[in-house]
Amino acid sequence: MSSVAASHGRSDVSSDDRVSAHARLLSAQLQSLRERLFPPEAHKELRKFTSGEVSRLVGVSDSHLRQLSLDKLGPTPDIQSNGRRLYSLGQIGELRQYLAEARPKDALNFLPWRRDGERLQTLACVNFKGGSAKTTTTLYLAQWLALQGYRVLAVDLDPQASLSAMFGIQPEFDLRWDDTLYGAIRYDDKRKPLRDIIRKTYFHGLDLVPGNLELMEFEHETPRALSSAHRNDGGMFFERVGNALATVENDYDLVIIDCPPQLGYLTLGAVC
């Protein structure tokens, strides 16, 4: 705190320098607090599912699941001392694929992935008011779709990054520069492939493009880009989100976007 306090007494220190000093101090304190509260490798984990839950999700009887387990077909569940069988969400995905191959006529019921000719579906969760359950809606919708067997990509376009935090990512510490969608839609030649930004989550079948405060750079840079003819081949501002998603569309069935609570360039890009 002494360096910050000392800067207040110096007349040659600018307001920007003082704000930066406070920001560095706060960041260091938050990092120290996080290291005390969480183990270095802490991460979220999803609980396992009972055979009854799995039978309802996949659409087969509990007795059929038991027989598959006895015949050592499909994934091998954890069997507790009382005979109860538990499946991870990843194993449910393996079970869907096994059933789709074993019963090709019903494959679409077990594995509802996109078929040839079907387009990637993108849903943007938009509300111009904060605190309206927008992020919660995005989270639960993405998780529900993943539970149904779809391949889902969640995109956090909100600089507040609440969606990223719900997946266990601490935006201030776990992300470097260009680790958000901004890295794939920026206007200069430092743009990187979206595939390099996407992260796996603890929820099988659900990947994430995380967010943090750097997304605001797009809001600041777009007016300058609009006044210049140079866009570095990324398209107009309302095309850039879609163009980035198009590079990974073969990997997913649905994209769910959590938008910031205002009608800015990021929100317009998501809607368009």
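The values are calculated or read from the model by the stated rules, or taken from the named source; none is laboratory data. All of these numbers come straight from a predicted model, not from anything done at the bench. All Cβ positions, even for glycine, are placed from backbone atoms using ideal geometry, and neighbour counts span all protein chains on display.
For segment 123-171, the candidate set comprises residues that are among the hydroxyl-bearing types (Ser, Thr, Tyr) and under 14 Å from the mean Cα position of the chain (by Cα); within that set, the residue that is farthest from CYS259 (Cα to Cα) is TYR140.
Of the numbered criteria (1) loosely packed, with under 15 Cβ neighbours inside 10 Å; (2) in a loop (DSSP other than H, G, I, E, B), the one LEU25 fails is (2). Just one of (1) over 17 Å from ILE257 (Cβ atoms); (2) at pLDDT 95 or above fails for ASP174. It is (2).
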